[in-house]
1. Would you mind computing Rg(Cα) / (2.2 N^0.38 Å) for the range 14-307, counting N as its residues?
2. Simple spin-label model, 7 Å along Cα-to-Cβ: THR242 to ILE31 in nm?
3. Per residue of the range 205-211, what does 6.51 cos²θ - 1.76 cosθ + 1.60 with θ = phi - 60° give for ³J(HN,Hα)? Whole Hz please, x for Gly and Pro, Karplus curve as stated.
4. Each residue of the range 28-37 in order: what ³J(HN,Hα) in whole Hz does its phi give by Karplus 6.51 cos²θ - 1.76 cosθ + 1.60, θ = phi - 60°, with x for Gly and Pro?
5. Just how far, in whole angstrom, is the range 49-112 from the range 137-175 if you go by their alpha carbon centroids?
6. Sort all Cα-Cα distances of the range 60-205 into consecutive 5 angstrom bins from zero, then give the percent of pairs in each bin up to the one containing the longest distance.
7. What's the angle, to the nearest 10 degrees (0 to 90), between helix 96-129's Cα axis and the longest principal axis of the chain?
8. Tell me what the chain gives for mean residue ellipticity at 222 nm when only DSSP H runs of n ≥ 4 count, each as -39,500 (n - 2.57), the sum divided by the residue total, rounded to 500 deg cm²/dmol.
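Every read-out reported here was derived from the displayed coordinates using simple, explicitly stated rules and does not represent laboratory data. Everything quoted here is computed from the prediction, not taken from an experiment. As a convention, Cβ positions derive from the backbone with ideal geometry for all residues, glycine included, and neighbour counts pool all protein chains shown.
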Amino acid sequence: MAIFNNTTSPPTDFLLTAFPGLELDHVWMSIPVCCLYIIALLGNSMILFVIVAERNLHKPMYYFLSMLSAVDLCLTISTLPTVLGVLWFHAREISFKACLIQMFFVHAFSWIESSVLVAMAFDRFMAICNPLKYATVLTDVMIVAIGMIICIRQVTVLFPMVLVLKNVSFQGGGELSHPFCFHPDVIKYTKSNPWINSFLGLFLQLYLTGTDLLFILFSYVLILRTVLSIVAPRKQQKALSTCVCHICAVTVFYVPMISLSFAHRLLSSTPSTVCSILANIYLLLPPVLNPIIYSLKNKMIRKAVLQLLQSKGSQGPNMRGLRGG
């Protein structure tokens, strides 16, 4: 990002921060954080397992949902070590290389999730606006191609950014505002002009997530126009009900991400505690809520999850009976 800085110096370490001013309460605060991580890991793993195991869910909509759950799992795992390290062991120091790697994965999976939400919006658009072409357009080959394009798009943008950042000079002992490495938080410790680097990063984020969000909004304008043209109120309600989960997923992802990004780049007077809370919401809210939303609102997912839980519950007494016999 710092293309205007040609000088290099040995990389420095950074200091991670979980909740500024509440260091003595980190052990207690780690309890709800750990619970959220457990919910995110178990919930997304369950969604993936159910979609793979249940043949009735082998459809484009649920393939995209499995992509979303896989990305949420990866995003959760990419921050789990440093977050728990700071809360449990006060392991605040992170090397420049480790910070760079974590920053790559955090931003990569975040932007991949944005692209997956676009693919899910396209799925809803085809299902409601062009139902006759749905099966012929969204084939298995097309879904695989969409997944590959999403990954290639993020890597081609992020990899050059990481190579450039590797040669940037940073000030020693920078104290970050989060228990993970986030680009707007790291870039303020460059020896070059941080405003130039920050706005270049903002432009990149607007290019990726901004265009994604515009496409999602445009898709729903077309969907709403199609739904309003339906005469029967029940059919209107049924068509809109298939979009509720996706709308919720879009909301819980974009609102915290945009709030955190603008708090860092445009509101320099934002208290560090506010940035810390926004960061934890940005990281944990989508992975925690997405499985809950789809399990509660989607009938097929809910039915498959209940069948899975009932089968596990019925196996327990049977196994105990066999051991007793």
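1. This ratio for the range 14-307 stands at 1.06.
2. 4.5 nm
3. Values per residue, Gly and Pro as x: 5, 5, 5, 7, 6, x, 5 Hz.
4. Rounded to whole hertz, the list is 5, 6, 5, 5, x, 5, 5, 4, 5, 4.
5. 14 Å
6. Taking all Cα pairs of the range 60-205, the binned fractions are 2, 9, 16, 18, 15, 13, 10, 7, 5, 3, 2, 0, 0 percent.
7. 30 degrees
8. Computed mean residue ellipticity for the chain: -25500 deg cm²/dmol.
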